[in-house]
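Notes follow once the structure below has been shown.
The values are calculated or read from the model by the stated rules, or taken from the named source; none is laboratory data. Note that the coordinates shown come from a computational prediction; the quantities given were computed from them, not determined experimentally. Methodologically, a virtual Cβ is constructed for each residue, glycine included, from the backbone with ideal geometry; neighbour enumeration extends over all protein chains shown.
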Amino acid sequence: MGELNREPTALELGIKLGITEDAVLEMLDSSQLRQVVPWDEVSENSTGEEGIHLSERIADVNCARPDAGLLSMENRRELIICMEKLTRIQALVIVLHYLKDVPLCEVAKMTGVTPSRISQIHHQALNRLRAFWNSRS
């Protein structure tokens, strides 16, 4: 703080130390205080009860929600019902683009239709799906 009369930036520190700004940021990040807590440490839960291990309180972000499969099956059934209301080409565009991750310009090549026409078909299909979906609820 002496020379600048303020906190130096990471870039300014890097220049002064002869290292990159990224190296300064990495050093600052690694020097932050951290607390190591054992997984089997018993802690108090949100209702004030003790006896719950930390490992039981932290959600596993890689684990699917218990109801995800059921919701997914219901949504698939609804989507199939909605897709049946589309024309053959509209359904093909939706399946290729959204389920097979094919870009619309490639869908145009595959179907022998111009990209602008595929865009129109795509929008028509989405509008029909949206209208049918909204009418079901």
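Among the residues of the stretch 73-88, is any assigned to a helix (DSSP H, G or I) and at pLDDT 90 or above? Yes, the conditions are met somewhere in the stretch 73-88.
Contact map, the stretch 1-12: first residue in a helix (DSSP H, G or I), second residue surrounded by 10 or more Cβ atoms within 10 Å (Cβ to Cβ) and at pLDDT 85 or above, Cβ cut-off under 6 Å, separation 6 or more or different chains; pairs are Ala10/Glu21; Ala10/Val24; Ala10/Leu25; Leu11/Glu21. Residues in the stretch 107-125 that are of a type outside the set (S, T, N, Q) and either touching a helix residue (DSSP H, G or I) at 6+ places or on another chain (Cβ under 8 Å) or assigned to a loop (DSSP other than H, G, I, E, B) (or both): Val107, Ala108, Met110, Gly112, Val113, Pro115, Arg117, Ile118, Ile121, His122, Ala125. Applying the criterion of being hydroxyl-bearing (Ser, Thr, Tyr) and over 26 Å from the mean Cα position of the chain (by Cα) to the residues of the stretch 80-137, the residue that is surrounded by the most Cβ atoms within 10 Å (Cβ to Cβ) is Thr111.
In the stretch 112-126, the residues that are of a type in the set (A, V, I, L, M) form Cβ pairs under 9 Å with partners that are exposed (fewer than 14 other Cβ atoms within 10 Å of the Cβ), at six or more places apart or across chains, as follows: Ile118/Cys105; Ile121/Thr87; Ala125/Thr87. Would you mind finding the one in Ala125, Ala108, Ala131 that is within 23 Å of Ile81 (Cβ to Cβ), modelled with pLDDT of 90 or more, out of contact with any His (no Cβ under 7 Å at 6 or more places or on another chain) and of a type in the set (Gly, Ala, Ser)? None of the others qualify; the one that does is Ala125.
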